[in-house]
Amino acid sequence: MILKLSVIYVVIDFKIGLSVCGLLVVGMSICFSFSLSSAAGWQYGPVHTILPFLLLGIGVDDMFVVVAALGTLTEEDKQKSLEHRISVMLKHAGVSITVTSFTDIIAFGVGGTTFIVDCAFILVSTCYIVRSEVHVHAQTNVANTTSSLDKSFDNEVLPALKSFCIFACIGVTALYLLSATFFVACITFDEKRKDAGRNACLCCYIHRKDYKTTDCSKKERIPVFLKNIYAPLLLKTPVKNLSQSSNN
């Protein structure tokens, strides 16, 4: 029964192989992040356990953008060659994933090179410098205090947070490179499979040339739900009043 339903609805357009390749991209980016960071000598801490989920969210978002760009091609573009379709897809999706990925890379890169110092220590040291100026040897005291302040800057760094930012920066970089290369290659092979009329689950099986997808398989239920149910619900007066009361 399950096989019959799969043949009726998602016999060719089903993207189970592409989904597995997307998860593989996330897995490889996690491996790159942990291996390269560990090889460079950065320590692993408890906060690093959330990194796979962070990369999973960023990676799935990038892949959704790429696949959605392929699905929104015009009918004229869909009739052209595979190379043209992939180029148009990257023309639209490449900008989006590049901007978001580089924003994350810069954010985590800055976090990995920023020193976090105890504010109380700065306040006490500053007061000590001001008070030392009233003494005869004020210049010597100020110089010694400044030297000790510089050493304390290095001692007050949070190494776990700095290490996490380095891990995340390398992971997002690997995720972007794999999404723009490996995942795009997987999409190209999947489009070749669809053009050849091969089954989504059994690629060795080629369907007849007169095969046509059913009307049920062409419906996108999530956009319909958001447009016809979710969006009108948010615009209702009770929901607006509830939102305003929660903000107040």
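When we screen LEU51, LEU55, LEU24, LEU18 for residues that are open to solvent by 70 Å² or more (accessible area, probe 1.4 Å), part of a helix (DSSP H, G or I) and of a type in the set (A, V, I, L, M), the only hit is LEU24. Pairing residues of the range 57-85 that are touching a residue at least 24 places away in the same chain (Cβ under 8 Å) with residues that are outside any helix (DSSP H, G or I) and surrounded by 13 or more Cβ atoms within 10 Å (Cβ to Cβ), at Cβ distances under 7 Å and at least 6 apart in sequence or on separate chains, gives ARG85/LEU73.
The values are calculated or read from the model by the stated rules, or taken from the named source; none is laboratory data. Just so it is clear, the model here is predicted, and its values are computed rather than measured. Reconstructed Cβ throughout: ideal geometry from the backbone, glycine too, with neighbour counts over all protein chains shown. Surface areas here come from the heavy atoms of the whole protein model, side chains and all, with no ligands, DNA or RNA. Shrake-Rupley method; radii C 1.70, N 1.55, O 1.52, S 1.80 Å.
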